[in-house]
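Written out below as structure tokens is the structure these notes cover.
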Amino acid sequence: MKNKIKTYSIERKQARWGLLFTIPCLLFFAVFSFYPIINAFFTSLTNRQALNRTSEWVGLDNYVYLFTKSNGGFSFGNSLRATLEFTLGTFIPMVVIALLLAVFLMQLRSTKTAKFLELAYYTPAVLSSVVAATIWMILFDPRGLVNQISNLLMNTTGRDFGWLVNSNMLQVSTMIVYFWKYIGYFVILFITGLAAIPPGIYEAATVDGSSRWHTFWRITLPLLKPTAVLVSIMAMLQCLKTFSTQYMFTQNGAARQPIDVITMNIYYTGIRNGRLGRASAMSIILFLIMLVLTYLQFSVSKTDDVEY
Amino acid sequence: MAMNRYIGKVTVGEVISWIVLIVVLLFCLLPIAFMLSASFMDAKQIMAMPFDWLPKKSFFTSEGRTFLTNFSKAIHGNNNNNMFFRNLFNSLLVAISCSITTVLLASLCGYGLAKFRFRGRNFVFMSIMATMMIPFEAIMIPLYMVASMFKMMNTYAGLIVPFLVSAFGVFQMRQYLITFPAEYLDASRVDGLGEFPIYWRIVLPNCTPVVATLGILSFRNQWDNLLWPLLVSQREEMKTIPQYISKFSEEKQTDEGALMACALLASIPMFILFFTLSKYFLGGAAVFESRKG
């Protein structure tokens, strides 16, 4: 009896250490995550400005403003459009091609070659986004390599595709930069997912006379569905936060309008123009969009696991 | 049940997959090769049609250029204020500090969550997970106001403090440490080691793979960070490398060679890390996948 009480108290003592170990992180997140998001919410209900330090309660005026007014030519509606188009235009090709590449890599006979290709595809991810944007800006120059190669492929001569001038092409250009930088990363995510599928299943399929194509559609893809959904949502979340590429492009003379993604609009409205209240309202909307997606991600990853 | 079709000894599928693999390989590597060779060229050769992949010797001798002209321009900067090394130092300092603190704080917290049963543990864990849903981009305006309130503008504290630890790091550490054998811990307790020394001398040294992965991830995030430094660092000597490149490219738009040299120099630290620790870079994705479980 006595003994039992003693062990109990030792465990209690130990448990206290556990709480103690988590306190530094808890404090950090309280100050640098929870407080700011609450603060952003309340700031979004004021007309706070950086310069004249006013801060009056305006209710939902900022939100109404964002959806009805032009915000000095760079409306929030346009930012939503730009972000949505960028996200869809980047993450769908990225996920599809990353999946294909991962499947192809897994089928290579030599693991050495597969490892080399993996590493090579991943190399652009090592460069910082600013460097990536800088390289591609030069490649997209009217006299640059991309125009030369496009002319070669399209069998035209001296045609300028206006990569940084035409507003549609400008959007495509930012997508290409992003795709280039992150493709390797997503290939590796898929390879991890594929590696978890036991090889016995493939062997059984081969014995049964299934072709590669058939195996891919009927076996690999269904088993990979949870990974694919998860990776897609991750890629979407990543794309929604894009900033550096668009910022670099506009700083170097590209038009802001077509590629004015939400984060860039927050930056310009809040920091450059000092409209903190209005920028906070944008932040809250961005947060809500990402919250829904993250919620989806968590619920998918919980329920959709495959058992072998 | 169509069987595979063959061309000679290889299947059609194999030929197609090789073509795709090689096209993407070129797409991934050519821009990097371009950066390498263009950093030795002058603007005229970079914009030559058709593009010549090897820097021509004649360009080094013309107009007083040498092999390293572009690099010296990149280092001297626009108005010869030599901020390159200062900004490189800032970036390294911020990235290294953040990766060290992330590893330490996240492992401590992850260890507490994985191996101790205290009241409210689930609540603590869920709150930390909840912060993963708050993107930095959504809270940068309030953080900016806090930073200016506490006079953290243009200081290292301002650059480092918001990134001391990440919720994702805590999560990774917890997942890894859940499988840490409890016998080691109990044995150390019997040997009379205190709880903190157990963490410091038994737990931390035994989770090298996850420490390396997390450290690299955090280093890379800070090395890549442009948005936050744009907000808090306005003084030249407090800027980081992404800001340096951004400014350099605004002012040197026509000197592509110097720009590429600048980009190349700024990438060297990451390349060194990548080629020495590539398994942890690639492993990072694997650990990320554990988020599924």
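Structure notes:
- Summary value for chain A: 29 percent relative contact order, contacts being C-alpha pairs under 8 angstrom separated by 6+ residues.
- Which of A:D61, B:D52, A:D260, B:D191 has the fewest Cβ neighbours within 10 Å, and the rest in rising order: B:D191, B:D52, A:D61, A:D260
- Averaged over the residues of peptide B:20-33, the number of Cβ atoms from other protein chains lying within 10 Å of each residue's Cβ is 6.
- At 0.692 mPa s and 37 °C, Stokes diffusion of segment A:199-238 via Kirkwood alpha-carbon radius, µm² per second: 292 µm²/s
- Per-peptide average of other Cβ atoms within 10 Å, ordering B:266-272, A:213-219 highest first: B:266-272, A:213-219
- By definition, a body whose alpha carbon gyration tensor gives a ≥ b ≥ c is oblate when a/c is 1.5 or more and a/b is not larger than b/c, and chain A fits this oblate description.
- Sites B:T254 and A:V292, calculated FRET efficiency, Cβ-Cβ separation with R0 41 Å, nearest 0.05: 0.35
- Average silhouette area of segment A:170-308, convex hull of alpha-carbon atoms, in square nanometres: 10.5 nm²
- Bins of 5 Å from zero: percent of alpha-carbon pairs in chain B: 1, 5, 9, 11, 12, 12, 11, 10, 8, 7, 6, 4, 2, 1, 0, 0
- Computed extension length for A:T156-A:K225: 20.7 nm, one decimal, from 0.36 nm per residue of separation with the Cα-Cα distance subtracted.
- Segment B:106-239: translational diffusion in µm²/s, Stokes-Einstein, Kirkwood Rh over Cα pairs, 4 °C, 1.567 mPa s: 76 µm²/s
- Cross-link table A:K181/B:K44; B:K73/B:K239; A:K225/B:K115; B:K44/B:K73, entries beyond 23 Å C-alpha to C-alpha: A:K181/B:K44; A:K225/B:K115
- Look at the stretch B:272-279: the mean tally of other chain Cβ atoms within 10 Å of its residues' Cβ atoms is 2.
- Space enclosed by the convex hull of the alpha-carbon atoms of segment B:122-166, per residue, Å³: 81 Å³
- Ignoring aspartates and glutamates fewer than eight residues from A:K69 along the same chain, the ones with Cα atoms less than 19 angstrom from its Cα are A:D61, A:D260.
- A simple spin-label model places the labels of A:E56 and B:V10 7.3 nm from each other, with each point 7 Å out along Cα-to-Cβ.
- Chain A - mean residue ellipticity at 222 nm from DSSP helices (-39,500 (n - 2.57) per run, n ≥ 4, rounded to 500): -23000 deg cm²/dmol
- For the peptides A:125-131, B:232-238, the ranking by mean Cβ contacts within 10 Å, running from highest to lowest, is A:125-131, B:232-238.
- Note on B:114-126: average number of Cβ atoms from other chains within 10 Å of each residue's Cβ is 4.
- Principal-axis tilt of helix B:241-251 within chain B, Cα atoms, nearest 10 degrees: 30 degrees
- Percent breakdown of C-alpha pair distances by 10 Å bin, ordered from the shortest bin, for the protein assembly as shown: 3, 15, 24, 26, 19, 10, 3, 1, 0, 0
- Long hydrophobic helices in chain A: the complete DSSP H runs spanning 20 Å or more by Cα along their own axis with mean Kyte-Doolittle hydropathy of at least -1.0 are A:2-29, A:76-107, A:111-126, A:167-195, A:221-240, A:276-303.
- Amide N of segment B:146-167 lying under 13 Å from the label point, which is placed 7 angstrom from the Cα of B:F89 along Cα→Cβ: none
- Measuring r between the beta carbons of B:F180 and A:I38 and using R0 = 56 Å, the FRET efficiency lands at 0.95.
- Given their separation in residues at 0.36 nm each and the Cα-Cα distance between them, A:R143 and A:Q251 gain 36.9 nm when the chain is fully extended.
- Relative contact order of chain B, defined on C-alpha pairs under 8 angstrom at six or more residues apart (%): 30 percent
- The label-point distance for A:L20 and B:F196, in a model that sets each label 7 Å from Cα toward Cβ, rounds to 0.7 nm.
- Between B:N82 and B:F67, the simple label model (points 7 Å from Cα in the Cβ direction) yields a spacing of 2.4 nm.
- Model label zone, B:R117; criterion: amide N under 18 Å from point 7 Å along Cα-to-beta-carbon; scope segment B:175-200: B:178-187
- Here is the short version for chain B: B:C28, B:C98, B:C207, B:C262 have no other Cys C-beta closer than 4.7 Å.
Only the coordinates and a few stated rules stand behind these numbers; no lab work does. A quick note: this is a predicted structure, and the numbers were derived from the prediction, not measured. Cβ sites come from the backbone with ideal geometry, for glycine too, and all protein chains shown count toward neighbours.
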